[in-house]
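The values are calculated or read from the model by the stated rules, or taken from the named source; none is laboratory data. Values in this document were obtained by computation on a predicted structure and should not be read as measured data. Cβ placement follows ideal geometry from the backbone for every residue including glycine, while neighbour counts extend to all protein chains displayed.
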Amino acid sequence: MRRERLRDYAILLAASAALTLPNLGATSLWDVDEGVNAEAAREMRDNGTWVIPTFNYQLRTAKPVMLYWLQRGTYTAFGVSEWSARLPSVLAAWLTVLLTYELARGMFGRTTGLLAGVVLASAVEFCVLAHAATPDATLLLFTVLTYRLFWSRHENGARVWWVPTAAACGLAVLTKGPVGLALPGLVILTYFAWNRELGRLLDRKLWWAVLTFALVAGPWYGLVTAETRGVWAGTFFGRENLQRFTTPMENHRGPVLYHAAALLVLFTPWSAFLLGAVWYGLKATRREEPNPPTPFPKKEGGAGPSAVLSPSPRPGPREAPLTGPGSKEGGVGEGASPRPYRFLICWFAAYLVFFSAAATKLPNYMLPVYPALAILTARFLVRWRAGDLTLPRWMMPAAVAGVVVTAVAVFGGLLVAGDAVQVLPAGSRVFPGLERWAVLAAVPLAAAVVMARAVRANDRARFVRAMTVGAVTFTALAAAFPSLSVDEQKAPKELVRLSGVDDPSRDIRLGHFDWFQPSLVFYARRELVEVFSPDKAAEFLAVPTPGYLFVPAKTWEQVEPKLAVPTRIVARHRDFYRNCDILVVTNEVTVTAGR
């Protein structure tokens, strides 16, 4: 058993490494979030503080401290760089994949666990956020840890889940705030209500859980509140949480179905099975347990990866599924527990309802449901492959069509975005060079061809194998390479390099007018002062100390007539965020030695 688990870990870690490590540090930081987070961690390290986060040397109240601590550790170990800033998210993603495997294995068996880990790792949004210097992957890690600790310790009426679950929630709250406690609490409450077990929440161990949570999350929140005289806590809980829920922040608004639609796009390429996985998961919640309150069937004997990869049975349309508590991996027939399905559906539904009701909507808010969807998808495919599910004849051909649609969308989207097919209005943001990556569409298309042939031959194992290999290959290539073409039109890093303002030995001032990206501070490693008008920009450059002003080319035309001192342009670069050229202008007209 131990050898099997280690082999599964090796498979999942190899797939995760292939999906996350290539070109991890090759692109400059993405603004806004990566630039802010990477710089906040650098400033905390340079300032020698573990308590007060700052950005651009001003108090930062948007997020708690966990990501900054982790980035500070990787900066110390590997130096300050984009790669180091992103490494905590990569490692968190790897651990999340393993925890998802363990959770699915505990619920359904080894084969479902292994496939669930691969599904999660190769889902597009999960892979993208595993590359990002943001707290999303870290929050997901502690969220899945919370659910894993709860699930493995609450069976048969046990009470030992309270304290470890509370500790994991405390880590999640240190990562992103109240959602790390409120939403797991909502999931567990809903799950117990569904099983008519709300009385289990009236437990003296609740107080030990409260104490544990307070000991994990409380010290930092208390220190930062005290050291900022309540400013950090007031702004974070008021503006960044309550106001974000009730009011669209930064114009991030959307309809009620925003997140449901986003999941169909961002769970790609596995979204081809998403509706079927959720539907048959819901159907499985209605099965009655023969001997309540035993919440789990016994573990299967020896099902493993070969159950997915070996030749499949060819069941007739009326073949009975495997039944009984001992056939955990083979099927969910009469006598199998509905409780795992209920828990996964509660997990998915609680987050979907909560964030659909919130006024501010961003795609990454739904990342915490991806492990639940990965497990439901894996279970759906394993049950179908084993002959436990008799699906409508159109369903798997429709899934193949969904993979083809993915290929077509990728092919057409990259050609249009690269301006190889000129259908966008004049002046639209395009990325020359991106069109050459349209060849990536061949991967899902090839997978779809193999899957279609497998459906025709009723070779279900080959169907699942083709989808798995195609998903990992496509997502790994898409994550590693197309972003390089986009990076060529990101201005901050190149402007800093060309202007030389990152030289710590120089006594200079930096300002920005009508344009700013947070990664400027990370690359310049200096404070940038904002000026608010052409007159103020001219005054900034009139000060004798050398000054460097970041300003759009069009805006500079308004400033130049107001100047009383000579200036020169030392850098110019296209910025796709604003879709314009950005200048670096200085009053240092004499070239500094060594530059």
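General remarks:
- Count of segment 491-526 residues which are acidic (Asp, Glu) and modelled with pLDDT of 95 or more: 2
- If the condition is being within 23 Å of residue 241 (Cα to Cα), hydroxyl-bearing (Ser, Thr, Tyr) and more than 23 Å from the chain's Cα centre (by Cα), then segment 158-198 contributes only 190.
- Verdict on residue 438 being under 28 Å from the mean Cα position of the chain (by Cα), modelled with pLDDT of 95 or more, of a type outside the set (Asp, Glu) and surrounded by fewer than 22 Cβ atoms within 10 Å (Cβ to Cβ): yes
- Scanning segment 559-573 for residues that are surrounded by 15 or more Cβ atoms within 10 Å (Cβ to Cβ) and either within 22 Å of residue 494 (Cβ to Cβ) or touching a Pro at 6+ places or on another chain (Cβ under 8 Å) (or both) yields 559, 562, 567, 570, 571, 572, 573.
- Put simply, of 372, 441 the only residue that is free of Cβ contacts under 8 Å to residues at least 40 places away in the same chain, among the aliphatic types (A, V, I, L, M) and closer than 16 Å to residue 277 by Cα is 372.
- When residues of segment 62-81 are limited to those that are touching a Leu at 6+ places or on another chain (Cβ under 6 Å) and in a helix (DSSP H, G or I), the one nearest to residue 340 (Cα to Cα): 66
- Any hit, segment 126-146, residues being over 30 Å from residue 81 (Cα atoms) and at pLDDT 95 or above: yes
- Listed here are the helices (runs of 4 or more DSSP H) enclosed by segment 444-506 that have at least 2 residues being surrounded by 22 or more Cβ atoms within 10 Å (Cβ to Cβ): 460-480, 492-499.
- Looking only at segment 534-554, and only at residues there that are out of contact with any Leu (no Cβ under 9 Å at 6 or more places or on another chain), touching a residue at least 12 places away in the same chain (Cβ under 8 Å) and of a type outside the set (D, E, K, R), the one that is farthest from residue 498 (Cα to Cα): 534
- Residue in segment 469-482 that is farther than 30 Å from residue 129 by Cα and outside the structural domain of residue 123 (by TED's automatic domain parsing) present: no
- Residues (at pLDDT below 95 and either over 18 Å from residue 205 (Cα atoms) or hydroxyl-bearing (Ser, Thr, Tyr) (or both)) located in segment 147-163: 152
- Filter result for the condition that a residue is closer than 15 Å to residue 64 by Cα, of a type in the set (Gly, Ala, Ser) and assigned to a helix (DSSP H, G or I), over 172, 167: 172
- Among (1) surrounded by 17 or more Cβ atoms within 10 Å (Cβ to Cβ); (2) assigned to a loop (DSSP other than H, G, I, E, B); (3) at pLDDT 95 or above, the one test that residue 31 misses: (3)
- Inter-residue pairs, beta-carbon under 9 Å, first not assigned by TED's automatic domain parsing to the domain that holds residue 272 and in segment 390-418, second among the small types (Gly, Ala, Ser) and assigned to a loop (DSSP other than H, G, I, E, B), 6+ apart: 414/420; 418/433
- Residue that is farthest from the chain's Cα centre (by Cα), among those in segment 519-554 that are assigned to a strand (DSSP E or B) and not hydrophobic (A, V, I, L, M, F, W, C): 547
- Close contacts from segment 505-516, counting a first residue that is touching a residue at least 40 places away in the same chain (Cβ under 8 Å) and a second that is of a type in the set (D, E, K, R), with Cβ to Cβ under 6 Å and a gap of 6+ residues or different chains, come to 510/526.
- Filtered residue count, segment 574-590, keeping only those that are surrounded by fewer than 18 Cβ atoms within 10 Å (Cβ to Cβ) and either in a strand (DSSP E or B) or of a type in the set (Gly, Ala, Ser) (or both): 3
- Members of segment 260-276 found to be surrounded by 24 or more Cβ atoms within 10 Å (Cβ to Cβ) and assigned to a helix (DSSP H, G or I), listed by number: 270, 272, 273
- Highlighted here are the helices (runs of 4 or more DSSP H) found entirely within segment 88-155 that include at least 2 residues which are basic (Lys, Arg): 136-153.
- Residue match in segment 160-182 (condition: farther than 30 Å from residue 58 by Cα and in contact (Cβ under 8 Å) with a residue 60 or more places away in the chain): no
- Among the residues here, residue 421 qualifies as out of contact with any strand residue (DSSP E or B) (no Cβ under 7 Å at 6 or more places or on another chain) and either of a type outside the set (Ser, Thr, Tyr) or assigned to a loop (DSSP other than H, G, I, E, B) (or both).
- Checked against (1) surrounded by fewer than 18 Cβ atoms within 10 Å (Cβ to Cβ); (2) at pLDDT 95 or above; (3) under 28 Å from the mean Cα position of the chain (by Cα), residue 225 meets all criteria but (3).
- Lone qualifier among 118, 90 - being under 14 Å from the mean Cα position of the chain (by Cα) and either in the same structural domain as residue 201 (by TED's automatic domain parsing) or surrounded by fewer than 23 Cβ atoms within 10 Å (Cβ to Cβ) (or both): 90
- When the test is whether a residue is of a type in the set (D, E, K, R), outside any helix (DSSP H, G or I) and surrounded by fewer than 16 Cβ atoms within 10 Å (Cβ to Cβ), residue 286 passes it.
- Residue list for segment 536-560, filter: touching a helix residue (DSSP H, G or I) at 6+ places or on another chain (Cβ under 6 Å) and farther than 24 Å from residue 577 by Cα: 538, 547
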